[in-house]
Amino acid sequence: MAKRSKIAQAAFDIAEPVAREMGLDLVDAEYKKEGQSLFLRLFIDKKGGLGIDDCENFSRTIDPILDEKLSHDADYFEVSSPGLTRPLSDPADYRRYEGEVLDVSLFREQNGTKNVTGIIFGSDEEKVILQTEDGEKQEILYKDISKAVRHIDF
């Protein structure tokens, strides 16, 4: 789970069930000062990817709820996708991207390498299982992962 300020965590807790009800995953929340302004940002995602309409619909739905239930006002409120290249951070991320290719960097070598690329075959609360190019399945504990991102071919 991401480290959040108390206000960001409160916004996350309010927004998460609404996102789930709309078929979305609330990935993160941040509340921070940029220049003279305070920003509240909610980051959503869903299996298969997001469109601008998803962000807009969620924003319109959650904005009045946050206005009512959140004790702090931000100067600006935004709903966004976390981006294609953001690192995966919890078991829900690995489940969301099951069937997709992942690039994993490890803290220390396993099977002679610190870097593994493979299709997410499965995952649970402790590990991810990747199917590598050679067809082998490799179990990797989350605690051994330095960084994991979706593999993007341009």
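Things to note:
- Residue match in the stretch 56-70 (condition: more than 26 Å from Lys6 (Cα to Cα) and loosely packed, with under 15 Cβ neighbours inside 10 Å): no
- Among the residues listed as Arg4, Arg20, Arg41, the single one being touching a residue at least 12 places away in the same chain (Cβ under 8 Å) and under 26 Å from Tyr142 (Cα atoms): Arg4
- Of all the residues in the stretch 116-146, those that are surrounded by fewer than 12 Cβ atoms within 10 Å (Cβ to Cβ) and assigned to a strand (DSSP E or B) number 1.
- Total residues in the stretch 71-98, condition within 19 Å of Lys3 (Cβ to Cβ) and under 13 Å from the mean Cα position of the chain (by Cα): 11
- The residues of the stretch 83-116 that are without any contact (Cβ under 8 Å) to a residue 60 or more places away in the chain, within 20 Å of Lys47 (Cα to Cα) and not hydrophobic (A, V, I, L, M, F, W, C), listed by number, are Gly83, Pro91, Tyr94, Arg95, Tyr97, Glu98, Gly99, Glu100, Asp103.
- Residue in the stretch 97-115 that is surrounded by the most Cβ atoms within 10 Å (Cβ to Cβ), counting only those that are assigned to a loop (DSSP other than H, G, I, E, B) and at pLDDT 85 or above: Tyr97
- The set of residues from the stretch 24-55 being surrounded by fewer than 16 Cβ atoms within 10 Å (Cβ to Cβ), among the small types (Gly, Ala, Ser) and within 23 Å of Arg95 (Cα to Cα) comprises Gly48, Gly49, Gly51.
The values are calculated or read from the model by the stated rules, or taken from the named source; none is laboratory data. From a predicted model like this one, the values you see are computed outputs, not experimental measurements. Using ideal geometry, Cβ is built from the backbone for each residue, glycine included, and neighbour counts are taken over all protein chains shown.
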